[in-house]
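Written below as structure tokens is the structure these notes are about.
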Amino acid sequence: MNPVIKLENVSFAYNTNYILENINLNVEQNDFLGIIGPNGGGKTTLLKLIMGFIKPDKGKVEVFGKSSGKSNSRIGYVPQFNQTDKQFPIKAFDVVTMGLGHSKSFLPWNKKSDFGKVTEAMDFVSITDIADNTFGELSGGQQQRCLIARALVSNPGILILDEPTASVDSTVEVDIYKLLKKLNNDMTILLVSHDVGFISSYINKIACVNKEISVHGRDEISFDKISHEAYHGDFSMIQHKCNL
Amino acid sequence: MKELFSFFTDYSFIQNAIIAGLLSSIACGISGTFVVVKKISYLSGGIAHAIVGGLGIAYFLGINPLYGALAFSIVSALLIGTVKLKLKQNEDTLISALWAVGMSIGLIFAYLTPGYNVNLLSYLFGNILLVSSESIYLMLVLDIFISAIVIILYKQFIYVCFDEEYAYLRGIKVELIYILLLIMISLTIVVLVQSVGLVLVIALLTLPSSIARMFSNTIWKMILISIILIQIFTFAGFAFSFSTNLPSGASIILAAGLGYLLSFFIQSFLRRNTIK
């Protein structure tokens, strides 16, 4: 079977510095790929290449067999949390509705068929009760669920999340990972995270990104090796076990 | 009461001023809302000042300055929009350049025009009592156009303002929508030229909508509240300037500034009460 996402010898540079160099990556259907690496190592750049926000300087990026950007209607994306404007006057429901937007979304009112989909997505992440609240006034966890619902409402084949748990407390974090595990039955998931130890119990592949990339299957995941590759150095790690 | 009524009907310039106030509030409430949520007041200020170039050229050629402003507003929106989208690093410098170069072009052409023209000043600082009937028709046409744009593209504007990346992901033509948004704002500036003038316009675009944002949970509510506030400020300022014989544009802006200050007190008062 063809990979869902395929990167071949991809390089990308801001000005003259290579952020990513010679990246090869295959993501198969229903993979749950964890992406780790230091800040500035190119994790977010990798996601942006996959969604076609930026074009590679060398190599090619294919998503569902088409060049990047062409299959974006089949991608759901949860951006880094602090990117949204907390003062923007918009209801949670309308944020989720954005996930159904397209280039021919004219006129202010919503289609009837959209209401059902949005309510269903909000129900899935259990935030139906705050649908009419202003987005900026929700708690961090509620906002994050709202953004996940926006990514899910179009029923995507690939779900891409950039540090979805960076600003929520640990109970919400566990909830979100459980949710993702459930979604993984239907969709391919790419997840950028700092928390190496935590995501390892959910993912089946891990990519260490630090200008270069190395990908491991679940059974070869070893903390020492991965942290060495991703962060170029040994550091101590506290392991924790949760009963999930 | 009858005297007041005849006062309005006898003096057509007062009628025109009131109609101009109402018409400018619609365009200004719509565009001001997007200037505030998209945080592009500096960019809008740049467009407003660049329009002075169009006024000067129109004076020089002896045509209605508003048509010069109209042409220049669209050109400067396209220019600033392209600059912002293509040359991201130098956006700030380039807006400042367009700002000053546009004004300089205007001043030089005004200087070259035979006979000193005092009217240019009224376009810089506004004089709502000088609005002609021809200008009223132009304002009406622009108002209808701006309202139509915002109703048709309402969702796309919101998507692009709230989260450009997600809008792009959903296949929305972000750059095109952004440029259309700038054109809508430029046309609004042309509508406002006569009531508050090009130099002061940025205050009327941002202050009422910033107040409206404190009390809105959707964009269309924010637009509606902005329009009402602009009408209040315009008529308060107008009445003040008429009775004291002070400049109308400056009076309207002062009314908006006072309203902005007042809204902070109201907001902190309301917040304190909800915490209890």
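Table for the structure above
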item: C-alpha center-to-center spacing [the stretch B:66-129, the stretch B:21-56] in angstrom; result: 12 Å
item: Approximate spin-label separation A:SER113-A:GLU28, in nm, with each point projected 7 Å along Cα-to-Cβ; result: 3.5 nm
item: Sparse-neighbour loop sites [trypsin sites (Lys or Arg not before Pro); the stretch B:140-196; at most 14 other C-beta within 10 Å; DSSP]; result: B:LYS173
item: Environment charge at B:THR218 (Cβ cut-off 13 Å; Lys +1, Arg +1, Asp -1, Glu -1); result: +2
item: Theoretical FRET efficiency, 1/(1+(r/R0)^6), r = Cβ-Cβ of B:THR244 and B:LEU121, R0 22 Å, to 0.05; result: 0.70
item: Approximate spin-label separation A:SER170-A:ASN39, in nm, with each point projected 7 Å along Cα-to-Cβ; result: 2.2 nm
item: The stretch A:35-168: proportion of alpha-carbon pairs further apart than 24 angstrom, %; result: 34 percent
item: Those lysines that a straight Cα-Cα span of less than 23 Å connects to A:LYS112, excepting residues fewer than 8 apart in one chain; result: A:LYS91, A:LYS104, B:LYS155, B:LYS221
item: Where trypsin sites (Lys or Arg not before Pro) fall in DSSP loop in the stretch A:52-107, at most 11 other Cβ within 10 Å; result: A:LYS86, A:LYS104
item: Gaussian network model of chain B, springs between alpha carbon atoms under 10 Å - residue of B:LEU23, B:LEU129, B:LEU176 with greatest fluctuation; result: B:LEU176
item: Residue-level accessible surface for A:HIS102, protein heavy atoms, 1.4 Å, Å²; result: 70 Å²
item: Between the stretch B:143-200 and the stretch A:1-65, the alpha-carbon center distance in angstrom; result: 33 Å
item: Two-site FRET efficiency, B:PHE264 against A:ALA13, from Cβ-Cβ distance with R₀ of 45 Å, rounded to 0.05; result: 0.45
item: Top of A:THR119, A:THR134, A:THR16 by mean-square fluctuation, Gaussian network on chain A, Cα under 10 Å; result: A:THR16
item: The stretch A:5-231: projected area of the alpha-carbon convex hull, averaged over directions, in nm²; result: 12.8 nm²
item: GNM flexibility winner over chain A from A:SER126, A:SER170, A:SER103 (Cα, springs under 10 Å); result: A:SER103
item: Cβ-placed point charges (K, R +1; D, E -1), dipole of chain B about Cα centre in debye, nearest 20; result: 840 debye
item: Shape metrics for the protein assembly as shown, restricted to C-alpha atoms - Rg then Dmax, Å; result: 27.2, 91
item: Length-normalised contact order for the stretch A:5-231 - Cα pairs under 8 Å, 6+ apart - percent; result: 30 percent
item: Cross-link table A:LYS58/B:LYS84; A:LYS178/A:LYS205; A:LYS55/A:LYS205, entries beyond 22 Å C-alpha to C-alpha; result: A:LYS58/B:LYS84; A:LYS55/A:LYS205
item: Separation in nanometres of the label points that stand 7 Å from Cα toward Cβ, at B:LEU85 and B:SER132; result: 3.6 nm
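The values are calculated or read from the model by the stated rules, or taken from the named source; none is laboratory data. The model shown is predicted, which means the values in this text are computed figures rather than measured ones. With ideal geometry, Cβ positions are generated from the backbone for all residues, glycine too; neighbour counts draw on all protein chains shown. Surface areas here come from the heavy atoms of the whole protein model, side chains and all, with no ligands, DNA or RNA. Shrake-Rupley method; radii C 1.70, N 1.55, O 1.52, S 1.80 Å.
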